[in-house]
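> Below is one structure. I have some questions about it.
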Amino acid sequence: MNETAAQLEVYTDGQCPLCLWMRARVEPFDRERRLEWLDLNSPEALRRAAPYTHAQLAEEMYTRRKGDGAWSKGFFAWIEVLRVLPRFRRLAWLFSRRPFTALGPIFYRQVAKRRYQIFGIPPPCDAEGVCQLHKK
């Protein structure tokens with residue numbers, strides 16, 4: 001693999017305003033194109049993410065390192081993103097230490113679970129067409 005080839009696949013929700021906002025903030029720092037962003041709503045992305053399902057990918061962001069195929073999710077996926085960006089490697093090192101490794105995943109899951117309510121759009125519908133807003 002050459003130096004400019006993507007090193008990390010990043011699976012996010014392409015319909016989530018928070019996910020899109022975060023990607024827009026990170027991409028300018030990825031001058032060497034080390035990150036390959038994949039929308040979990042794409043059939044091609046789902047095929048590549050197997051054995052993970054759409055429901056699993058929709059809960060938290062996932063990353064897969066291309067070199068060894070190692071997966072990370074949620075808070076730890078963001079650490080992986082920071083690690084491949086030279087400008088943020090020190091921040092990745094810091095976040096991979098306590099107390100961040102204990103508190104970061106809790107905070108991440110709370111925001112991820114409420115991302116549609118916090119950012120003002122309804123959650124997506126499931127495969128049967130039933131939207132989360134209509135479930136009791």
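> All but one of (1) surrounded by fewer than 15 Cβ atoms within 10 Å (Cβ to Cβ); (2) part of a helix (DSSP H, G or I) hold for Leu18, so report the exception by its number.
All conditions pass for Leu18, except number (1).
Quick grid of which residues meet (1) crowded, with 16+ Cβ neighbours inside 10 Å; (2) closer than 22 Å to Leu40 by Cα; (3) under 12 Å from the mean Cα position of the chain (by Cα); (4) aromatic (Phe, Trp, Tyr):
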residue: Gly74; (1), (2), (3), (4): yes, yes, yes, no
residue: Val84; (1), (2), (3), (4): yes, yes, no, no
residue: Leu91; (1), (2), (3), (4): no, no, no, no
residue: Arg98; (1), (2), (3), (4): no, no, no, no
residue: Gly104; (1), (2), (3), (4): yes, no, no, no
residue: Lys113; (1), (2), (3), (4): no, yes, no, no
residue: Ile118; (1), (2), (3), (4): no, yes, no, no
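> When Arg25 is evaluated against the numbered criteria (1) closer than 14 Å to Leu82 by Cα; (2) part of a loop (DSSP other than H, G, I, E, B), which criterion, by number, is the only one it fails?
Among (1) closer than 14 Å to Leu82 by Cα; (2) part of a loop (DSSP other than H, G, I, E, B), the lone unmet condition for Arg25 is (2).
> Here's something else I'd like to know. Given the criterion surrounded by fewer than 16 Cβ atoms within 10 Å (Cβ to Cβ), of a type in the set (Asp, Glu) and modelled with pLDDT of 90 or more, identify the matching residue among Glu32, Glu128.
Being surrounded by fewer than 16 Cβ atoms within 10 Å (Cβ to Cβ), of a type in the set (Asp, Glu) and modelled with pLDDT of 90 or more holds for just one of Glu32, Glu128, which is Glu32.
The values are calculated or read from the model by the stated rules, or taken from the named source; none is laboratory data. Not measured: the values here are computed from a predicted model. Virtual Cβ from ideal backbone geometry, glycine too; neighbours counted across all protein chains shown.
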